[in-house]
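Structure record follows, encoded as structure tokens.
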Amino acid sequence: MAESWSFLDTFEPNFRPLVVIELAKGTKEETTEWFIKRIVDKKANGGEYSMIFCAQLLVKPLFTENGDENIYLVGASHLRLLLGAETVGLVKECNDNSMRTFTYSSRKSFKDFADDNHNFLTMAECQYIIKHELENLRAKDEKMIPGYPQAKLYPGKSVVRRLLTSGVLVQIFPLHDREELKKLSHSWYGRVKVGYQPLDDVRCYFGETIALYFGFLEYFTFALIPMAVIGIPYYVFAWEDYDKYVMFATFNLLWSTVILEVWKRICAIMTYRWGTLLMKRQFEEPRPGFHGVLGINPVTGREEPVYSSIKRQMRIYLVSLPFVCLCLYFSLYVMMIYFDLEQWALDYHEENESNFSSLMLFVPSIIYAVVIEIMNRIYRYAAEFLTSWENHRLESSYQNHLILKVLVFNFLNCFASLFYIAFVLFDMKLLRQSLATLLITSQILNQFAESLLPYWLQKRHKKRMTKCMCSLKTDMDLSLVEQVVLEKEMGTYFGTFDDYLELFLQFGYVSLFSCVYPLAAVFAVLNNITEIYSDALKMCRVYKRPFAEPTANIGVWQLAFETMSVISVVTNCILIGMSPQVNALFPDSKMDLILTVALVE
């Protein structure tokens, strides 16, 4: 039998801050009081609110001498967190080594549970529970946010989401645990070592979504090693013979298929151990940016914004689709300019025959690689705007449409020139040169833009903030005040989208045409090793701590990689069919060659 919520007591002698809430400066006092009251209130006999309208958490203001009274620390009692774990459906290991959904009534049957063991739930799980409770603060009878009549409310509307969209609530973020972060940093990236990452520790600190990304990055790096080991001697002993790629292409197409199937098993093993493989999927709420006229949801029966699916489809097919096609056409147009530059560089080299002219042969590819990165980033912003304008109700639907737009453009933008060189120009020497330049240039640019530049900016900001904090005197622990002030100004980590996209494009470079440039896997391994350390540094030092998000797999990216794998198989089969060695086996009938290649594929 579930414990009654009326038995809860919010008194906690040792308040542990877990989450920070920052309100906008100048927020009206009545608004602040109303919001904080909704966070800390509990259901009592004859009480005003029920548990779905209040969070029953602990709140403590953070006062500083410079007058900042808009920052609040949020925590929860141990009992409240345990009941919250049952609410969100966390799966924990039992004493019999099985994995079961946690319930408070059967708490003693779970491994390592004790009433005085406050480490039974990881800090990431505690912060996830608080985030869930805050996001489920819902309006009851209010028609607007007190003090802000323009911020309308209706029964069942998420209070936090309305405060965010109204600009009253600036941000909510989880605090770092300095001691745990120091230990994790030392074991993760603090020393150069050959070995596995502490993925279980990463999961305990950052949650399953982040841990799965680093798990996939590590697995993909190890999976690239056989390609790199074979590629080095293949490259050395067949440097000028571009036609001897049949065996490497054969291994390539088998490799690109097998590694993704093995990853599914490894992923299932990890998520079962973490308890997310068995977690029930929660009902998805409308995303914060969704808008429409008030209506009744036919599934939940709740009043919420309703938007016509016909209007959404019209926006997708009459605006978004033509825009994407226009961008794809522009990408192809830029590609043709690149080939004009290649021809100019070749003519210049034939006329001059010097060391400088030899270097000039690489300039068009380098320029094109930089232009590709710039176009990808500009298109990303346009795709985000369009997908938001399409007004998708669910976050999953929004992400799927955004990923589809971005992947289609990035695939054509990055690989169209390679397909054109391979299957139209039939120039394997130029294909090798273009693939090498695009791969290496994109890796250098990504390392700079995603890791080095943010780290440098954060280091400058930290020095400036530390000087400001030296003269600060408060009644609260100075280290906590300093920590909150520093962390609230750090950049926000927007998820693993860009990280997976980078791996997706790298997988394409390696699996599609690396048979003509076997060193592609070598450069990918070197890049990924530095990527593991730079991304770990980025998570621990550059960005605010993200909320943990339970997940059972890498989601739609699994399908994206599998699609690339299918394209890779087809591409390598065609390259094998084009090779002189295979053509020599079918001197009289090209149709037999085509049928054989199709059968192998």
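The values are calculated or read from the model by the stated rules, or taken from the named source; none is laboratory data. Predicted model, so just to flag it, every value in this text is computed and none were measured. In this analysis, Cβ positions are derived from the backbone assuming ideal geometry, glycine residues included, and neighbour counts consider all displayed protein chains. Note: areas computed on protein heavy atoms with side chains; ligands, DNA, RNA excluded. Shrake-Rupley method; radii C 1.70, N 1.55, O 1.52, S 1.80 Å.
May I ask you to say which residue of V229, V192 is under 23 Å from V522 (Cβ atoms), touching a helix residue (DSSP H, G or I) at 6+ places or on another chain (Cβ under 9 Å), not acidic (D, E) and not assigned by the TED database to the domain that holds I266?
Working: V229 fails: not assigned by the TED database to the domain that holds I266.
Criteria check complete, one pass: V192.
Show me the helices (runs of 4 or more DSSP H) found entirely inside the stretch 138-233 where at least 2 residues are among the small types (G, A, S) and either within 30 Å of M123 (Cβ to Cβ) or open to solvent by 40 Å² or more (accessible area, probe 1.4 Å) (or both). Walk me through how you get there before you give the answer.
On the way: elements: 159-166, 178-188, 199-206.
Counting at least 2 such residues, we get 178-188.
Given P174, P198, P226, which one is touching a Lys or Arg at 6+ places or on another chain (Cβ under 6 Å) and within 27 Å of I554 (Cβ to Cβ)? Can you show your working first?
Details: P198 fails: touching a Lys or Arg at 6+ places or on another chain (Cβ under 6 Å); P226 fails: touching a Lys or Arg at 6+ places or on another chain (Cβ under 6 Å).
Criteria check complete, one pass: P174.
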(request) Keeping to the stretch 77-128, report how many residues are more than 27 Å from P546 (Cβ to Cβ) and in a helix (DSSP H, G or I). (result) 6
(message) Suppose the filter is under 22 Å from T257 (Cα atoms) and out of contact with any Asp or Glu (no Cβ under 9 Å at 6 or more places or on another chain); does I567 pass it?
(response) yes
(request) Give L407, L430 a once-over and let me know the one that is in contact with an Asp or Glu (Cβ under 9 Å, 6 or more places away or on another chain), assigned to a helix (DSSP H, G or I), on the phi < 0 side of the Ramachandran plot and open to solvent by 10 Å² or more (accessible area, probe 1.4 Å). (result) L430
(request) Just give me the residues in the stretch 294-312 being farther than 16 Å from S388 by Cβ and out of contact with any strand residue (DSSP E or B) (no Cβ under 7 Å at 6 or more places or on another chain), in sequence order. (result) P298, V299, T300, G301, R302, S308, S309, I310
(message) I'm told Y245 meets every condition in (1) more than 30 Å from V582 (Cα to Cα); (2) modelled with pLDDT under 80 except one. Can you identify the failing condition by its number?
(response) (1)
(message) Pairs please, first residue from the stretch 310-322 and under 15 Å from Y398 (Cα atoms), second anywhere and part of a helix (DSSP H, G or I) and open to solvent by less than 60 Å² (accessible area, probe 1.4 Å), Cβ atoms under 6 Å, 6+ apart in sequence or on different chains.
(response) S320/L386
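Suppose we keep only residues that are of a type in the set (S, T, N, Q) and under 27 Å from the mean Cα position of the chain (by Cα) within the stretch 90-137. Which one would you say is most open to solvent (accessible area, probe 1.4 Å)? Spell out how you get there, then give the answer.
First pass over the stretch 90-137, keeping only residues of a type in the set (S, T, N, Q): 95, 97-98, 101, 103, 105-106, 109, 117, 119, 122, 127, 136.
With under 27 Å from the mean Cα position of the chain (by Cα) added as a condition, the list becomes 101, 122, 127, 136.
Working: T101: 64, T122: 26, Q127: 4, N136: 48 Å².
Result: T101.
Being within 23 Å of S256 (Cα to Cα), in contact (Cβ under 8 Å) with a residue 40 or more places away in the chain and in the same structural domain as L212 (by the TED database) is the requirement here; does V556 meet it?
Details: within 23 Å of S256 (Cα to Cα): yes; in contact (Cβ under 8 Å) with a residue 40 or more places away in the chain: yes; in the same structural domain as L212 (by the TED database): yes.
It is true that V556 is within 23 Å of S256 (Cα to Cα), in contact (Cβ under 8 Å) with a residue 40 or more places away in the chain and in the same structural domain as L212 (by the TED database).
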(message) Quick test for you: out of I374, I310, I366, pick the one residue that is at pLDDT 85 or above, surrounded by 12 or more Cβ atoms within 10 Å (Cβ to Cβ), assigned to a helix (DSSP H, G or I) and not small (G, A, S).
(response) I366
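Residue by residue through the stretch 151-183, note down the ones that are in contact (Cβ under 8 Å) with a residue 60 or more places away in the chain and out of contact with any helix residue (DSSP H, G or I) (no Cβ under 9 Å at 6 or more places or on another chain). Can you show your working first?
Let us first name the residues in the stretch 151-183 that are in contact (Cβ under 8 Å) with a residue 60 or more places away in the chain, namely 154-159, 161, 163-165, 167-176, 178, 181.
Those that are in contact (Cβ under 8 Å) with a residue 60 or more places away in the chain and out of contact with any helix residue (DSSP H, G or I) (no Cβ under 9 Å at 6 or more places or on another chain): Y154, P155, G156, K157, L164, T165, G167.
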(message) Given the criterion open to solvent by less than 40 Å² (accessible area, probe 1.4 Å), touching a residue at least 24 places away in the same chain (Cβ under 8 Å), touching a Lys or Arg at 6+ places or on another chain (Cβ under 9 Å) and more than 25 Å from C126 (Cβ to Cβ), identify the matching residue among V525, V582, V569, V516.
(response) V516
